[in-house]
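Before any comments, here is the structure.
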Amino acid sequence: MTTATNTAKSGVRSVEGAPLLELDDVKMHFRTKGDGLLARGTKWVQAVDGVSLTVQSGETLGLVGESGCGKSTTARLITRLLEPTAGQIKYQGVDIAHMSERQLRPYRREIQLIFQDPYSSLNPRHTVGTIVGTALRTHGMVPKAGELSRVQELLEVVGLNPEHYNRYPHEFSGGQRQRIGIARALAARPKIIVADEPVSALDVSIQAQVMNLLENLRKELGIAFVFIAHDLGVVRHFCDRVAVMYLGRVVEEAPRDTLYERPQHPYTQALLSAVPDIAVVRGVPPKQRIRLVGDVPSPVDPPSGCRFRTRCWKAQDICATQDPPLEQKAPHQDVACHFAEPPVESIVAEVV
Amino acid sequence: MTEQTVRAPQTVTRTPRARREGEDAYLEVSDLHVQFPTADGKVQAVQGLSYSLPLGRTLAIVGESGSGKSVSSMAIMGLHDRKSTWISGSIKVGGKEVVGMSEKDLMSFRGADAAMIFQDPQSSLHPFFTIGDQITESYRAHHNVSKRAAKARAIDMLGRVGIPNPARRVDQYPHEFSGGMRQRAMIAMALVNDPKLLIADEPTTALDVTVQAQILDLIADLQRDFGSAVVFITHDLGVVAEIADDILVMCAGNAVEHGPVDKILGTPLHPYSWGLLESIPAVSGTPGPLHPIPGSPPSLLAMPSGCAFHPRCEFRERVGGDLCRTLKPELIPRTADQGRTSRCHLKEPDKVFETEVLPRLP
């Protein structure tokens, strides 16, 4: 890799040839108070513990996993709403992990966030024009005179009536509010958008509308996405590559079709097999579902070695002593398991 | 860890459900209307809902928010505030009429004849009382037994819903349980009095998929053991496909399609059902584009005239004249198949589905 560093007019530095976003062994540990009156024994919640990811320009990376696996914490690290405990977060090759707020300002423009809850992520006292306009003003995107027309343009892009710029969030439905959140993210002309469960709170028909909108934006504007969701169907629909997280770690990462058709990590296999599939009514035989016993262990005191071993049917002694690294097991497919192998039979039912 | 490690996963396959035909209805809802008078006008949440459900069967009610699926189910439990709700029609549970039942009768009806599981186990359990207290309270309300006997029953129920070490868990508080365990405790509480009707209102929506799978198995197992009728409210058609016998699709306070689940999901006949199917990205097969229903659900304060779905329906032009806008269609059999009904004016909906909708399903 070359080491030539360029500085754009906006103040964003970049290393030539570096990927758009690169997380290298990022850790985020939160402190909790210990038990008892004296609060002895401070413990650390290892929410994210050694995550490495790469996102190329214009690419869509899906992040899936169950609650508490660290997906949302990863989103907040990428957008630098949190400062990581360890590791590097490189944006175009430049480490932004420990930058000051002032240094970060130009980067904030290029990395935007869409939130899950369209009700609590918009200020109820501000009009839509103010909400979207603030993003324009903060980053000095347009001269003051052009602000309104740009706001209206953005509202139109996300499928809202541009005449509604002076309305308040409560006058919009859930799906429309999510569109306002998207317009706000687009206002800064970002290169990458981190979408944290952007459609989970919406009804199915509205969810499909918002997904189609995001997909059109991605195609037209070439924005890269880190798309976080727990709905495996939604992720499959939207993403080029998918990373599966379990208890603060990435356990498998692969191109979409590889991951859904030939998952190699036992957790990925169990997760995919648990999704109820509507195809059963169209004559597809019901699939074998892997039953995982027990609950996800606490991130305060994760198991030694492989973190999934306590619920894994393949677990051997080596799993307790050696932490399996995330390494390539098939072309483009990285798996963190000592006994990674594709499913014997296709666990994911095929459509006949 | 044992030396003898199992290298194959423990798997379960949901077997196709056995058909139980020709039984008397245990739950019978006929011409149910639920309205909430507000300052802005009457909210017509449910407009003439009728269905029946025999013991041992599972009915899934699907629809978007505001379609009336929860409101109608709360009416079955008599949970609406009398002062601010206007209910008409009839709801019969095991021969008892629920509409207009006195509060005293409702107290003995709820829990014993019918029980409900709610979406969010976090907010439906009281944080100040132990799980055991909450289950025994429900049991002692209907059975004249000692505290000790009630606690034994609670421990038994917790064991049956798959909570490990129930004798210790019974004295714990809800915050000491994980999300899936809380939902199990809720189910134990609902089933402690052996109700013949169980209403589950989005019981797995707040849970992760692997936990959801466990809870769905549990509800199916318990239904087999207890032989109860289950009303399962959900918006997830994948869940419906796996656990339900019958399905009732609701849209803006109306039932628009009703019938056996394999028929309704296999060849749906209502454009709203088509829209739902076209909005869901699949986990298998070739990913295709989504065709969402345009617009958003109508306001229940100002219902559209005629068919409630017509403003969002892309097939309304196919119906002759102004029928969709002026005349509300009846919920009737629309094809030769008498086992199912649909509320739509469109001619030959089965052919339209096969030729136009099926090819573009995602």
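Worth pointing out:
- Each Lys and Arg contributes +1 and each Asp and Glu -1, all at the Cβ; summed about the Cα centre of segment B:192-300, the dipole is approximately 280 debye.
- For A:C337, distant residues with modelled amide H under 5 Å away: A:E327
- Within chain A: Cβ-based charge dipole about Cα centre, in debye rounded to nearest 20 (Lys, Arg +1; Asp, Glu -1): 980 debye
- Nearest 10 degrees, 0 to 90: helix A:204-221 Cα axis against chain A principal axis: 70 degrees
- The Cα atoms of the protein assembly as shown give a gyration tensor whose axes a ≥ b ≥ c have a/c of 1.5 or more with a/b no greater than b/c, which makes the shape oblate.
- Most simply put, chain B has about 60% antiparallel DSSP beta bridges, counting only bridges with both residues inside it.
- Whole-number percent relative contact order across chain B, with pairs defined as alpha carbons under 8 Å at least 6 apart: 18 percent
- Scanning chain A for trypsin sites (Lys or Arg not before Pro) that sit in a DSSP loop and have at most 14 other Cβ atoms within 10 Å, the longest stretch containing none of them is A:126-352.
- Neighbour net charge for A:K144 - beta-carbon separation under 11 angstrom, K R +1, D E -1: +1
- Cα centroid separation - segment B:54-124 against segment A:255-333, whole Å: 39 Å
- Counting Cβ atoms of other protein chains within 10 Å of each Cβ in A:180-187 and taking the mean gives 0.
- Separation of alpha-carbon centers, segment A:51-102 and segment B:225-297, rounded to whole Å: 37 Å
- Table column - 3J(HN,Hα) (Hz), segment A:234-250, Karplus curve with 6.51, -1.76, 1.60, x for Gly and Pro: 4, 5, 4, 5, 9, 9, 7, 10, 9, 10, 9, 10, 9, 6, x, 10, 8
- Under 5 Å between amide hydrogens, built in the peptide plane, is the criterion, and for A:Y119 it picks out nothing among residues at least 5 positions away or on other chains.
- Positive-pole candidate from B:I155, B:G78, B:S299, dipole of chain B, charges at beta carbon: B:I155
- 3J(HN,Hα) from dihedral phi, segment A:153-167, Karplus parametrisation 6.51/-1.76/1.60, rounded to Hz, x for glycine, proline: 4, 5, 4, 5, 4, 8, x, 10, 6, x, 6, 8, 5, 9, 8
- Alpha-carbon centroids, segment B:321-343 and segment B:150-217: separation in whole Å: 41 Å
- The phi torsions of segment B:291-297, fed into the Karplus equation with coefficients 6.51, -1.76 and 1.60 and a -60° offset, translate into couplings of 10, x, 5, x, x, 10, x Hz, rounded to whole numbers, with Gly and Pro shown as x.
- Top positive-direction residue, dipole computed over chain B with Cβ charges, set B:L276, B:T58, B:V170: B:V170
- Selected from A:I131, A:I89, A:I228 as most flexible by GNM, with chain A as the system and alpha-carbon contacts under 10 Å: A:I131
- Eligible aspartates and glutamates near B:K147 by straight Cα distance, threshold 12 Å, same-chain separation 8 or greater: B:D133, B:E137
- Total charge dipole magnitude, segment A:214-284, about the Cα centre, Cβ charges on Lys, Arg, Asp, Glu only, Debye to nearest 20: 20 debye
- GNM result for chain B, Cα springs below 10 Å: residue of B:A188, B:A308, B:A149 fluctuating most strongly: B:A149
- Listed pairs B:K69/B:K92; B:K263/B:K351; B:K42/B:K69; A:K191/A:K329; A:K90/A:K191; A:K9/A:K191 exceeding 20 Å between Cα atoms: A:K191/A:K329
- Taking chain A as a Gaussian network of alpha-carbon nodes connected by springs under 10 Å, the highest mean-square fluctuation of the residues A:V226, A:V151, A:V45 belongs to A:V45.
Coordinate-derived values only; no laboratory data. None of the values given here were measured: they were computed from a predicted structure. As a convention, Cβ positions derive from the backbone with ideal geometry for all residues, glycine included, and neighbour counts pool all protein chains shown.
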